[in-house]
Amino acid sequence: MAGLAAVNIKKEKIDEPRPSVSTVNDDGRSEAEIEARMLELLHQFPKGISNQILDTDMPTVDKQIKVTILNKLMSKEKVSMFKAAGTQELFWCLKSHPTSRIKGADNEERVVLGLIEEAGNKGIWTKDIRIKSSLSQATLNKVLKALEGKKVIKSVSSVSAAKKKVYMLFNLQPDRSITGGSWYSDNEFESELVDLLNHQCYRMLLQKAEVAKQKQNDGPFTVRNSSFLSSKEICQVISDLKIVKFNLTVEDIETILDTLVFEGKVEKSTTSDGNCDGQVKTYRTVEKPVSSASIVRMPCGVCPVMKKCGNVGAIQPKDCNYYGEWDD
């Protein structure tokens with residue numbers, strides 16, 4: 001009996017319900033945040049997104065969670081699934097919902113809604129809607145208010161013009177050009193956060209370069225190739241460090257790394273990821289050459305008695321006031 005009781009206890013533990021994956025993912029994002037990012041990707045790639053695109057953009061999100069969210073979007077008839085011709089690779093794309101299906105919409109609402117729908121997740125200004133629709137301002141305001149009340153459209157403040165609003169469909173995630181992406185909070189640029197990540201990325205690349213130098217016996221090409229880190233690898237490490245509260249995407253990290261490239265601290269390259277036509281961006285630190293500015297300012301180049309100057313004689317560099325000022 002004792003042995004039987006032990007078996008029953010073990011079975012209860014096995015049958016114990018597991019925590020649901022619908023709350024928070026391992027990287028700190030909720031399912032709602034992951035779903036919003038998927039919708040943004042679906043708008044960026046109107047022809048469809050594949051598992052490869054999802055894995056590149058969300059390397060830390062569990063595959064099962066991605067499948068659950070995609071199934072949820074398909075059940076809501078927001079997304080459809082299809083296979084690519086030839087490769088039979090699975091793709092997901094947004095389902096089109098013509099404005100004519102909106103119940104109770106009059107002609108003016110259909111015209112305005114059509115213009116907003118065409119604008120996608122970048123939105124459209126009120127002035128542009130008024131010009132294209134030929135509606136008066138009073139009528140347009142009435143239509144926009146009615147559509148907002150039906151939760152068909154929404155207004156979003158743009159970082160480029162905080163006092164102006166753009167309109168887009170209610171279920172769309174605003175484009176990065178509107179929200180400013182991860183580096184803006186309440187339309188304010190997070191300069192301290194950008195500087196922090198800039199420093200962290202550069203530090204990682206410096207450490208990688210130091211490790212690569214230990215392979216000098218293998219030749220210069222091996223040292224150079226070993227000093228590269230991909231943007232995906234850097235994104236993974238920084239995400240694990242929990243430096244920021246929100247989830248960093250590979251695209252976010254690439255914008256930081258590009259600033260280092262513009263500053264001349266980092267070199268960017270691309271390499272194959274092993275898949276057909278797949279390219280991965282890689283980065284490495286570069287040693288700055290000696291500045292040519294000091295050589296250009298050297299007084300010897302314009303000195304009228306340069307040919308008479310030497311280590312002996314009346315004219316010598318050690319006695320030249322201009323040379324001394326340049327050398328300092």
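Pairs LYS154/LYS242; LYS95/LYS151; LYS72/LYS150; LYS232/LYS265; LYS154/LYS245; LYS72/LYS95: which exceed 21 Å Cα-Cα? Provide the component values of the computation, followed by the final result.
On the way: LYS154/LYS242 32 Å; LYS95/LYS151 18 Å; LYS72/LYS150 23 Å; LYS232/LYS265 19 Å; LYS154/LYS245 26 Å; LYS72/LYS95 14 Å.
Over 21 Å apart, Cα to Cα: LYS154/LYS242; LYS72/LYS150; LYS154/LYS245.
So if we plug the beta-carbon distance of PHE45 and SER134 into 1/(1 + (r/R0)^6) with R0 = 25 Å, what FRET efficiency do we get, rounded to 0.05?
Details: r = 34 Å, r/R0 = 1.35.
Once rounded, the FRET efficiency stands at 0.15.
Accessible area per residue of the range 100-179 at 1.4 Å probe, in Å²?
Values: 4680 Å² over 80 residues.
Accessible area per residue: 59 Å².
As an exercise, use a Förster radius of 25 Å and the Cβ-Cβ distance of SER157 and SER30 to find the FRET efficiency, rounded to the nearest 0.05.
Working: r = 23 Å, r/R0 = 0.94.
For SER157 and SER30, the calculated efficiency is 0.60.
All other residues with a Cβ under 12 Å from the Cβ of ALA209 taken together, and with Lys, Arg as +1 and Asp, Glu as -1, what is their net charge? Walk me through the numbers on the way to the answer.
Values: positive: ARG203, LYS208, LYS213, LYS215, ARG224, LYS265, ARG284; negative: GLU210, GLU267, GLU287.
Neighbour charge sum, excluding ALA209 itself: +4.
Could you tell me which trypsin sites (Lys or Arg not before Pro) in the range 134-219 are loop residues by DSSP with no more than 11 other beta carbons within 10 angstrom of their beta carbon?
Values: sites: LYS142, LYS145, LYS150, LYS151, LYS154, LYS163, LYS164, LYS165, ARG176, ARG203, LYS208, LYS213, LYS215; in loops: LYS150, LYS151, LYS215.
Sites meeting the loop and neighbour criteria: LYS151.
The values are calculated or read from the model by the stated rules, or taken from the named source; none is laboratory data. A quick note: this is a predicted structure, and the numbers were derived from the prediction, not measured. Please note: Cβ atoms are built from the backbone with ideal geometry, for glycine as well, and neighbour counts cover all protein chains shown. When the accessible area is computed, the model is the full protein with side chains, heavy atoms only, and any ligands, DNA or RNA have been set aside. Shrake-Rupley method; radii C 1.70, N 1.55, O 1.52, S 1.80 Å.
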